[in-house]
Amino acid sequence: MAGTGQGLRLAVIGAGAGGIAAAIRLRERGVSDVVIFEKAGEPGGTWRDNTYPGITCDVPSHLYRFSFAPNPEWSHKYSPGPEIQAYMCKVAADYGVEARIRFNSEVLSADWRDGAWEIVTNQGPQGRFDAVITAVGILHHPSLPDIEGLKAFAGVAFHTARWDHSVALEGKRIGVIGTGSTAIQVVPAIVDRAEKVSLFQRTPQWILPEPNLPIADEKRAAYRADPSLLADQYAHLAQAFNGAFCAAVAGEAPDVYARMAEACLDNLNTVADPGLRARLTPDYRMGCKRLIVSSLFYPAIQRPDAELVTEAISRIEAGGVRTADGRLHELDVLVLATGFDAHHPFGDMRITGRSGRPLSETWAKGNVTYRGVTVPDLPNWFMLGGPNSPLGNFSFLMTAERQLDYVLQLVDLLVEGRAREISPREAPTRAWTQALKEKLTGSIWASGCRSWYFDAHGNVATYPWSYETFEAEMKAPVLEDYALSA
Ligand code: N01
């Protein structure tokens, strides 16, 4: 039990990147009684669920890796999804994480009772745990569009995170709804196979060109032979991404921002037809939505077998998509690249803390956390990728590891018996939330666009400060901000 320094029993929810890292780092700390609840039959999270054609990570691979498992084998600057999934599975297997995962176990409820979390999954009650680390993912619950007639479609329709690989695309008329990062990867990957691709765009995007070059065999051999080269590459990318790219989007590097906007406009100017170019031109500031990285999209959408449809969708019918101009776009396959509900991280899971009040009620008007990691009413409940975690064009693995550094310091207090229950105090939680709101009000994300950064209440719910600030915040918990009961 907590407080004894031994026998701490810990639950991790989710066996994606965050959960895998948590299990490994906990064991390093001597916490070995760890159960990972995973609702699917395989680890990997995002990379298990998203298998759509063209999937790559838009964060460079040498930055998108666990610090303890650098990978000399990445095939591309931005490696394909299956390769990332293989990396996740390999790390989970190499570090003995798999043995701790209870697969096909969806957590239905977690209740704090008499000093411990009682967890129930779809397999039944799982017992009591001294602490919980949640790693449930941010972009996990598919968001289906609220478009009349979706069910009436006579062809095959699926969300990109539920790609139906049994459906042959060859010779098909395929509609894609949405122009986020996902759709921009899907369109170039399917246009060769389809008879025609119709892309239904509600909002044009800013798109930064970036060729996805393969990493040469010699380079990989050099990385294998000399790990310091990998470390150098990581440091270079970390500076380029977090120090420049993400800082620019956060409004902290105006010169870099200007160069990036110019690169996006130059990219747009490669679209030859002025009418098409005009329809692809955003009317909001670069960075308001998550910036898209692609050198493949503009060539793909200019092909004769691709069509950009900018008329609003009126409804979906048996034969295809009807737009506001009365035209029926006849389709065999409809791909819903409509994103995710990023603001209900726990879905239908029922969580009740010290007060007995369901978290869904406490968060009914918006998710409130202390530094994205802890919640006042939830003792010993630690979140990786929780609400208001950095969401921009960061490497999720980097941010999750920084949060883990922070969480492990709190777990240490339980292990060492210095506390039995840890939860943030209300006043610092309110103060942090207020500072966040103030900073977000003037942020680029609130500068006039619609995006998944907004929650259902119209609040931007991302992390408004730079990566350096985030790193500093995660370095060590301010213990005065916590109620620690012995
Ligand atoms: O989803 P999105 P995504 N009618 O929310 C449109 C990460 N990611 O899956 O812009 C018509 O960005 C919606 O239109 P609008 C990455 O963080 C990472 O593409 O709201 N259209 C929008 O165009 C990314 O940001 C990688 O007007 C409708 C689209 O659907 C995040 O996932 C790869 C509609 C949704 O775009 C989400 O990207 C891919 C409707 N009713 C994704 N409803 C990596 O490489 C929605 N839309 C790591």
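The values are calculated or read from the model by the stated rules, or taken from the named source; none is laboratory data. What you are looking at is a predicted structure, and each value in this text was computed from that prediction instead of being measured. Using ideal geometry, Cβ is built from the backbone for each residue, glycine included, and neighbour counts are taken over all protein chains shown. Areas reflect the complete protein model, heavy atoms only, side chains present, ligands, DNA and RNA absent. Shrake-Rupley method; radii C 1.70, N 1.55, O 1.52, S 1.80 Å.
Before anything else, pin down the relative contact order of the chain: Cα pairs under 8 Å, at least 6 apart, normalised by residue count, whole percent. Here the relative contact order equals 21 percent. Applying 0.36 nm per residue to the separation of D341 and D232 and subtracting their alpha-carbon distance, the gain on full extension is 35.6 nm.
Compared with the alpha-carbon gap, the fully stretched path from E218 to A152 is longer by 18.4 nm at 0.36 nm per residue.
Take segment 178-226 with all the other protein chains still there, run a 1.4 Å probe, and you get 46 Å² of accessible area per residue. Its alpha carbons considered, segment 345-428 gives a radius of gyration followed by a Dmax of 13.4, 39 Å. Distance from the Cα centroid of segment 263-302 to that of segment 348-425 is 38 Å (rounded to whole angstrom). Taking K439 as the anchor, which aspartates and glutamates have their alpha carbon closer than 14 Å to its alpha carbon, excluding any fewer than eight residues away along the same chain? Counting by Cα, and skipping residues close in sequence, K439 has these aspartates and glutamates nearby: E252.
For the chain, which DSSP H helices look membrane-span-like by this rule: Cα extent along the axis of 18 Å or more and mean Kyte-Doolittle of at least -1.0?
Details: long enough: 81-94 (19 Å, 0.06); 254-268 (21 Å, 0.01); 396-415 (27 Å, 0.89); 426-441 (22 Å, -0.90).
Helices meeting the span and hydropathy rule in the chain are 81-94, 254-268, 396-415, 426-441.
Here the simple spin-label model places points 7 Å from the Cα toward Cβ, and for R193 and T51 these points are separated by 1.2 nm. Rounded to 0.05, the FRET efficiency of the D33 and S485 pair, given R0 = 35 Å and the Cβ-Cβ distance, is 0.95. Note on segment 293-380: percent of Cα-Cα distances in each 5 Å bin, starting at 0 and stopping at the bin with the largest distance, equals 3, 10, 14, 14, 9, 7, 8, 10, 11, 9, 5, 1, 0. Taking all protein chains into account, the per residue accessible area for segment 284-366 stands at 44 Å² (1.4 Å probe).
Note on the chain: the alpha carbon radius of gyration divided by the globular reference 2.2 N^0.38 Å gives 1.00.
Eigenvalues of the alpha-carbon gyration tensor of segment 37-117, scaled by 5 and square-rooted, set the equivalent ellipsoid semi-axes at 29, 15, 12 angstrom, largest first. Shown here is the pair-distance distribution of segment 1-147: with all Cα-Cα distances grouped in 10 Å bins from zero up to the longest one, the shares run 11, 37, 32, 16, 4, 0 percent.
Filter K289/K365; K219/K289; K289/K437 down to the pairs with a C-alpha to C-alpha distance above 28 Å, please. Provide the component values of the computation, followed by the final result.
Details: K289/K365 23 Å; K219/K289 34 Å; K289/K437 18 Å.
Over 28 Å apart, Cα to Cα: K219/K289.
Straight-distance candidates among the aspartates and glutamates for linking to K475, with alpha-carbon spacing under 19 Å and chain neighbours fewer than 8 residues away dropped: E28, E401, D405, D412. Element breakdown for the chain at a 1.4 angstrom probe: carbon and sulfur atoms account for 52% of the accessible area. For the chain, taking a cut-off of 4.7 Å between Cβ atoms, the unpaired cysteines are C57, C89, C246, C264.
Per residue, what volume in Å³ does the Cα convex hull of segment 336-486 take up?
Working: hull volume 18.6 nm³, N = 151.
Once divided by residue count, the hull of segment 336-486 is 123 Å³.
Here K196 is the anchor, and the lysines within straight C-alpha reach of less than 22 Å, apart from those fewer than 8 places off in the same chain, are K172. Remark: segment 98-202 is approximated by an ellipsoid whose semi-axes, taken from the C-alpha gyration tensor as √(5λ), come to 41, 15, 14 Å, largest first.
Please give the FRET efficiency for N122 paired with D255, using the beta carbon to beta carbon distance and R0 = 45 Å, rounded to the nearest 0.05.
Details: r = 52 Å, r/R0 = 1.16.
After rounding to 0.05, the efficiency reads 0.30.
Note on R327/A456: beta-carbon distance plugged into 1/(1 + (r/R0)^6) with R0 of 35 Å gives a FRET efficiency of 0.60.
The Rg/Rh ratio for segment 139-250 is 1.09, where Rg is the radius of gyration of the alpha carbons and Rh is the Kirkwood radius. Here the simple spin-label model places points 7 Å from the Cα toward Cβ, and for A427 and T203 these points are separated by 3.9 nm.
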